[in-house]
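Before any comments, here is the structure.
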Amino acid sequence: MRQFAPILLALCLVWACKDDTAKPQPKPLPKPEEKLAKAPVFVVDSAYTFVKTQLAFGPRVPETQGHEDCANWLIQKLEAYGTKAHAQTAKMDNGQGKTYPIKNIVAEINPEAQTRILLAAHWDTRAMADRDTERQSEPIPGADDGASGVAVLLEVSRQIQKQSLQNIGVDIVFFDVEDQGLSGDAYDRSSWCLGAQHWSRNPHVANYKAKFGILLDMVGARAARFPKEGVSLKHAAFYVDEVWQTAWKLGYNDFFVDETHGQLVDDHLFVNEIRKIPMIDIINLPKGSPTGFGPYWHTHQDDIDVISPTTLKAVGQTVLQVIYQYEQRAK
């Protein structure tokens, strides 16, 4: 995955520069008196199966058969749930002479609605296990780092089909080539998140706007911990507060912790900076981790054994509740 942007150099990880510039923020929502909207129930067994199906394709590394087969499956699943789905293709250079074919998977739910929410996750897997102690040149399975966020959003899409949105629309983008960036001494933030960079400059709809966005990245591990990430707070603090408060109302305080974290280079950074859509990142950042991420990060241990249905449920139900709070308000 991506690394932290530079403050200190430790174990080849680069930490994010902290911007202490205070920005005025509107009063956080949901308001205390607002009732929770009736939202669909997130079925975690389906989401867990979606993780396993992605793993069955093998590593989803660009220019491999597993990548191609998984892309076709994703479009078929999204279309089966009543969305308008397609692949956005392009080619992008990583800044170091390597060109990647991009295949972002885009789905539109209730495309006629003016008020829109953007949901995203990356679906590719890293081509090397550079944090492992063996087989470093081989790709990782990517159960949490890729498949978990995709699985949650597939189930969100399935549930929205059952309880149709009338007042707002949702766009789901599975970003490609997020996880092929350069690390260590060759680190370059622009080599990460190529699919998000391309989509941010060339959205699936001309002049595309959304009220806000939610990015899911590594949202399936046991005992996951989601602090309030720095780029999210810089560009979209209002929505961070709203999502976290919604999670707390649902009883997910153990996952959505009331703590802040430094800024990360992730897909939401480019959506915020280029597309100017306030987008937050829900991402597992374990306390005291030497890398900042789970011990399986960028290793061959990122397989189905790290995935917890309880964590998938906490994230998926929170995302659904946020969507239907906006559907309720837009009546």
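The values are calculated or read from the model by the stated rules, or taken from the named source; none is laboratory data. The structure displayed is predicted, hence computed values, not measured ones. Every residue, glycine as well, gets a Cβ built from its backbone with ideal geometry; the counts of neighbours run over all protein chains shown.
I need every pair where a residue in the range 144-158 that is under 17 Å from residue 305 (Cα atoms) has its Cβ under 8 Å from the Cβ of a residue that is modelled with pLDDT of 95 or more and basic (Lys, Arg), sequence separation at least 6 or different chains.
145/126; 146/60
If residue 259 satisfies every condition in (1) in contact with a Cys (Cβ under 6 Å, 6 or more places away or on another chain); (2) not in a helix (DSSP H, G or I) but one, which is the exception?
(1)
Going by what's in this entry, would residue 220 be described as touching a residue at least 60 places away in the same chain (Cβ under 8 Å), closer than 22 Å to residue 322 by Cβ and buried (at least 23 other Cβ atoms within 10 Å of the Cβ)?
Considered against the rule, which asks whether it is touching a residue at least 60 places away in the same chain (Cβ under 8 Å), closer than 22 Å to residue 322 by Cβ and buried (at least 23 other Cβ atoms within 10 Å of the Cβ), residue 220 comes out as yes.
What is the one condition in (1) within 29 Å of residue 244 (Cβ to Cβ); (2) surrounded by fewer than 23 Cβ atoms within 10 Å (Cβ to Cβ) that residue 185 does not satisfy?
In the conditions (1) within 29 Å of residue 244 (Cβ to Cβ); (2) surrounded by fewer than 23 Cβ atoms within 10 Å (Cβ to Cβ), residue 185 misses (1) alone.
What's the number of the condition residue 153 fails, among (1) within 20 Å of residue 295 (Cβ to Cβ); (2) crowded, with 24+ Cβ neighbours inside 10 Å?
All conditions pass for residue 153, except number (1).
Can residue 147 be described as touching an Asp or Glu at 6+ places or on another chain (Cβ under 7 Å) and of a type in the set (A, V, I, L, M)?
no
Criterion first (surrounded by fewer than 21 Cβ atoms within 10 Å (Cβ to Cβ), out of contact with any strand residue (DSSP E or B) (no Cβ under 9 Å at 6 or more places or on another chain) and over 30 Å from residue 202 (Cα atoms)) does residue 313 satisfy it?
For residue 313, the condition - surrounded by fewer than 21 Cβ atoms within 10 Å (Cβ to Cβ), out of contact with any strand residue (DSSP E or B) (no Cβ under 9 Å at 6 or more places or on another chain) and over 30 Å from residue 202 (Cα atoms) - is not met.
Does the range 118-128 contain any residue that is over 21 Å from residue 146 (Cβ atoms), more than 18 Å from the chain's Cα centre (by Cα) and modelled with pLDDT of 95 or more?
No, the range 118-128 has no match at all.
Looking at the range 239-256 only, could you name the residues that are closer than 14 Å to residue 316 by Cα and among the aromatic types (Phe, Trp, Tyr)?
244, 248, 252, 255, 256
Given the conditions (1) more than 21 Å from the chain's Cα centre (by Cα); (2) within 22 Å of residue 182 (Cα to Cα), which single one is not true for residue 112?
Going through the list (1) more than 21 Å from the chain's Cα centre (by Cα); (2) within 22 Å of residue 182 (Cα to Cα), residue 112 breaks only (2).
State yes or no: is residue 291 farther than 25 Å from residue 235 by Cα, more than 16 Å from the chain's Cα centre (by Cα) and β-branched (Val, Ile, Thr)?
No.
Among all residue pairs at least 6 apart or on different chains, which show Cβ distances below 9 Å where the first residue, located in the range 309-331, is over 20 Å from residue 143 (Cα atoms) and the second is modelled with pLDDT of 95 or more and among the charged types (D, E, K, R)?
320/155; 321/249; 322/242; 324/38; 325/242; 326/211; 328/38
Six or more apart or on different chains, Cβ under 7 Å: which pairs go from a residue in the range 55-66 that's without any contact (Cβ under 8 Å) to a residue 24 or more places away in the chain and farther than 11 Å from residue 142 by Cα to one that's aromatic (Phe, Trp, Tyr) and not in a helix (DSSP H, G or I)? Could you list them?
Pairs found: 66/57.
Keeping to the range 156-201, report how many residues are out of contact with any Ser or Thr (no Cβ under 7 Å at 6 or more places or on another chain), at pLDDT 95 or above, more than 24 Å from residue 82 (Cα to Cα) and not small (Gly, Ala, Ser).
Matching residues across the range 156-201 total 9.
Just for strands (runs of 3 or more DSSP E) wholly inside the range 146-255: which have at least 3 residues that are closer than 26 Å to residue 102 by Cα and aliphatic (A, V, I, L, M)?
The qualifying strands (runs of 3 or more DSSP E) are 169-175, 212-217.
Do we have any residue at all in the range 293-301 that's in contact with a helix residue (DSSP H, G or I) (Cβ under 6 Å, 6 or more places away or on another chain), buried (at least 21 other Cβ atoms within 10 Å of the Cβ), in contact (Cβ under 8 Å) with a residue 60 or more places away in the chain and not in a helix (DSSP H, G or I)?
Yes.
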